[in-house]
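What follows is a short report on a single structure.
The values are calculated or read from the model by the stated rules, or taken from the named source; none is laboratory data. Nothing here was measured: the structure is a model prediction, and the numbers come from that model. Here Cβ is always computed from backbone atoms with ideal geometry, including for glycine, and neighbour counts include all displayed protein chains. We work out accessible area using only protein heavy atoms, side chains counted, and drop any ligands, DNA or RNA first. Shrake-Rupley method; radii C 1.70, N 1.55, O 1.52, S 1.80 Å.
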Amino acid sequence: MKALVYTGTRQLDYRDAPLPAPRPGESLVRIEASGICGSDMHAWHGHDPRRVPPLILGHELAGRVEGGALDGRRVGTSAGAA
């Protein structure tokens, strides 16, 4: 998959990343939209020691489930879910 990876203060790298494999009880979601928020911006500016590069930022997501009983279902995160 393609990913925009935070690699350091004010540094991003657009690269290939491995496709995640869902564990039992999880579903794979093809992300169709992702937002950024203040915590992502704090990381970008180097002001958040909890976000250690390399890291794929963005936790406000929307997409569709791929495979399983919920195949094709539209899903998204809610505030504080990530």
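For this structure, a couple of remarks:
- For A62, the conditions (1) under 16 Å from K2 (Cβ atoms); (2) out of contact with any Leu (no Cβ under 8 Å at 6 or more places or on another chain); (3) surrounded by 12 or more Cβ atoms within 10 Å (Cβ to Cβ) are fulfilled apart from (1).
- So R50, is it at pLDDT 90 or above and surrounded by fewer than 11 Cβ atoms within 10 Å (Cβ to Cβ): yes
- Single residue of L12, L70, L57, L28 found to be open to solvent by less than 100 Å² (accessible area, probe 1.4 Å), of a type outside the set (F, W, Y) and at pLDDT below 90: L57
- Number of positions in the range 31-47 that are open to solvent by 90 Å² or more (accessible area, probe 1.4 Å) and assigned to a strand (DSSP E or B): 1
- Looking across the range 1-43, the residues that are farther than 23 Å from R64 by Cα and touching a strand residue (DSSP E or B) at 6+ places or on another chain (Cβ under 7 Å) come down to Y6, T7, L12, D13, A43.
- Residue check for A79: among the aliphatic types (A, V, I, L, M), at pLDDT below 90 and more than 12 Å from the chain's Cα centre (by Cα): yes
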